[in-house]
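Notes follow the structure.
The values are calculated or read from the model by the stated rules, or taken from the named source; none is laboratory data. This one's a predicted model, so the numbers in the text were calculated from it and none came from an experiment. Here the Cβ positions follow ideal geometry from the backbone for every residue, glycine too, while neighbour counts run over all protein chains shown.
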Amino acid sequence: MNEKIMNGRELSSLILNDLKEKVNKLDRNLTLVVISVGDNPASKVYVKQKEKKALEIGYSFTNLHYDEISEEELISEIKSLNADPNVVGMIVQLPLPSYLDKNKILNTISPLKDVDGLTNTNFLRLIKKEECLEPCTPKGVITLLDYYKVPYTKLKVVIVGRSELVGLPLFHMLLNRNATVTLCHSKTMNLKSYTKEADLLIVAVGKPNLITKDMIKEGAILVDVGINRIDNKLCGDIEASCLLKASLMTPVPGGVGPMTVVSLMENVYRAYELGKDNYGKNTESN
Ligand SMILES: NC(=O)c1ccc[n+]([C@@H]2O[C@H](COP(=O)([O-])OP(=O)(O)OC[C@H]3O[C@@H](n4cnc5c(N)ncnc54)[C@H](OP(=O)(O)O)[C@@H]3O)[C@@H](O)[C@H]2O)c1
């Protein structure tokens, strides 16, 4: 059964080792800053994971954590990080408390330091196939598909979920790579009629076992982005038994999750390269 698994943990550690070598050769420190606000327990785990990987590669890592901060103060903090030449990349850990305007805050980040790829500028550049920092989860999915030589240009691709974080950018990234993609969401009528036709099915919804065995095609390639917790155990959006019918599938955990973190680490290096070419410009936000 193992030959059916797309192992994100294994691939991410190969990429991490390559990055480590590149970073070791540099004559300067690359600093990643993660800004977090509030006390979301999942966010704390994700920030720790990012710190661990960043330090493993040889980046400097700073977590600016605020139990509470006003929007004005947060924006002013981001602007000073935009202007700080030691900071190569920064992210604002999501979700933010609801009293903060997420879009306004994210779009204060300089697009050249936006290593989560979530600013409007980077999204527009992505759609227009221009040089940009791509969002980490879709980037990780594509890296995984490429590594396993999934011929997505020749396949019927269906994505379930159209969030700005995952489904929507992934749709554009696959389209830009000449895949033919259908994007489904919560208002899609008869979801099964789409999933059943998919040669490559990518699910990013956040509903445990939304996709069941009867909803997939024999031999389908399945990518499960979902991370759900049931009785303290992690599971995806795709029922585990679908592996029996699939030709390839990502596990949860150990599939897309590690690819997301390593894609962030790749973006930090890319931001360094972009910053080198754009000194003087990287102090501006959108
Ligand atoms: N592995 C990773 O590294 C990673 C990274 C990011 C996210 N995730 C996980 O991926 C999942 C999705 O994250 P997200 O940020 O994209 O979530 P999100 O912002 O809540 O978006 C969920 C999407 O699913 C759609 N949806 C909801 N119920 C549906 C249904 N019954 N049928 C079809 N579509 C449905 C929604 O449709 P509408 O647009 O119509 O509301 C929306 O587009 C979560 O489990 C999250 O934890 C994992």
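Observations, loosely collected:
- Tallying residues that are buried (at least 21 other Cβ atoms within 10 Å of the Cβ), assigned to a helix (DSSP H, G or I) and among the aliphatic types (A, V, I, L, M) within the range 237-260 yields 2.
- Taking the range 165-184 as the range and being among the β-branched types (Val, Ile, Thr) and not in a strand (DSSP E or B) as the test, only Val166 passes.
- Gly226 being small (Gly, Ala, Ser), within 10 Å of the ligand (Cβ to nearest atom) and farther than 25 Å from Asn103 by Cα: no
- Pick from the range 41-84, criterion charged (D, E, K, R) and in contact (Cβ under 8 Å) with a residue 60 or more places away in the chain, ranking: farthest from Asn107 (Cα to Cα): Lys53
- Residue among Lys187, Lys217, Lys149 that alone is near the ligand (Cβ under 8 Å from one of its atoms) and in a loop (DSSP other than H, G, I, E, B): Lys187
- Candidates are the residues of the range 128-146 that are of a type in the set (A, V, I, L, M, F, W, C) and over 11 Å from Met6 (Cβ atoms); the one that is nearest to the ligand (Cβ to nearest atom) is Cys136.
- Residue count for the range 68-118 satisfying the condition of being farther than 19 Å from Gly38 by Cα, among the hydrophobic types (A, V, I, L, M, F, W, C) and in contact with a helix residue (DSSP H, G or I) (Cβ under 7 Å, 6 or more places away or on another chain): 6.
- Among (1) over 23 Å from Leu174 (Cβ atoms); (2) within 23 Å of the chain's Cα centre (by Cα); (3) modelled with pLDDT of 95 or more; (4) surrounded by fewer than 17 Cβ atoms within 10 Å (Cβ to Cβ) - the single one Leu234 does not satisfy: (3)
- Only a single item in (1) out of contact with any Asp or Glu (no Cβ under 9 Å at 6 or more places or on another chain); (2) surrounded by 20 or more Cβ atoms within 10 Å (Cβ to Cβ) is not met by Gly89, and it is number (1).
- Yes/no for Gly167 being free of Cβ contacts under 8 Å to residues at least 40 places away in the same chain and either within 12 Å of the ligand (Cβ to nearest atom) or farther than 24 Å from Glu218 by Cα (or both): yes
- Check on Leu145, outside the structural domain of Glu218 (by TED's automatic domain parsing) and aliphatic (A, V, I, L, M): no
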